[in-house]
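One structure is given below, encoded as structure tokens.
The values are calculated or read from the model by the stated rules, or taken from the named source; none is laboratory data. Everything quoted here is computed from the prediction, not taken from an experiment. Cβ coordinates were reconstructed from backbone atoms using ideal geometry, including for glycine residues, and neighbour counts include every protein chain displayed.
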Amino acid sequence: MSYPQMVMYDEEFKLINAIIEKLLREANAKVIFLVDKNGQLISGVGETERFDTTSLASLTAGNIAATGGLAKLIGEKEFSILFHEGEKDNLHISIVGGRVILVVLFDNRSSLGLVRLRVKKASDELTTVFDRLMKKAEEKERSGIQEFPFAEITDDDIDNLFS
């Protein structure tokens, strides 16, 4: 399914952060990342400074793509939830609304059951936000309005910046 170009508005970005911050607390997680399927980090909360977020985002998207290939080989559409268990830390990775990837890193202070329960609720809330964003994008596409974040910048502005 092809989606129109999504623009993240401040209102929705704040709402997304509030949802994942609440998930961080309620799941007793260490860090949570929200990544698009192209491997771009949308947001992160918790102990994010400990991680190379660019690598984590791109590797997560690659992981989803690889397991998507495995799913197709056995006749599934996709695996919507992945779980990686380590000695100290665990990763719960889920696809939200078919559009974005939610990554929850947690340790023995939490449990897989608690994380899955809290992720389900947060995923529903995030899906609502992303549906609203897509609706805005579709409305702008239909009306012919295109938002380019740097459209108002002129060549003179660029020349002045570098001179």
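Report, by residue number, each residue of the stretch 32-58 that is under 13 Å from the mean Cα position of the chain (by Cα) and within 18 Å of PHE106 (Cα to Cα).
Keep residues of the stretch 32-58 that are under 13 Å from the mean Cα position of the chain (by Cα), which gives 32-45, 53-54, 56-58.
Correct list: ILE32, PHE33, LEU34, VAL35, SER43, GLY44, VAL45, THR53, LEU56, ALA57.
Mind counting the residues in the stretch 1-18 that are at pLDDT 90 or above and either in a strand (DSSP E or B) or touching a strand residue (DSSP E or B) at 6+ places or on another chain (Cβ under 9 Å) (or both)?
Here the count works out to 3.
Tell me, which residue of the stretch 25-50 that is surrounded by fewer than 18 Cβ atoms within 10 Å (Cβ to Cβ) and among the basic types (Lys, Arg) is nearest to SER80 (Cα to Cα)?
My answer is LYS37.
Determine whether the stretch 40-52 contains at least one residue that is at positive phi, touching a residue at least 12 places away in the same chain (Cβ under 8 Å) and small (Gly, Ala, Ser).
The first filter runs over the stretch 40-52 and keeps only residues at positive phi, leaving 46.
Of the ones still in play, those that are also touching a residue at least 12 places away in the same chain (Cβ under 8 Å) are 46.
Okay, now just the ones that are also small (Gly, Ala, Ser), so 46.
Checked the stretch 40-52: at least one residue is at positive phi, touching a residue at least 12 places away in the same chain (Cβ under 8 Å) and small (Gly, Ala, Ser).
Suppose the filter is over 16 Å from the mean Cα position of the chain (by Cα) and crowded, with 19+ Cβ neighbours inside 10 Å; does ALA71 pass it?
Taking the combined requirement at face value, the residue does not satisfy it.
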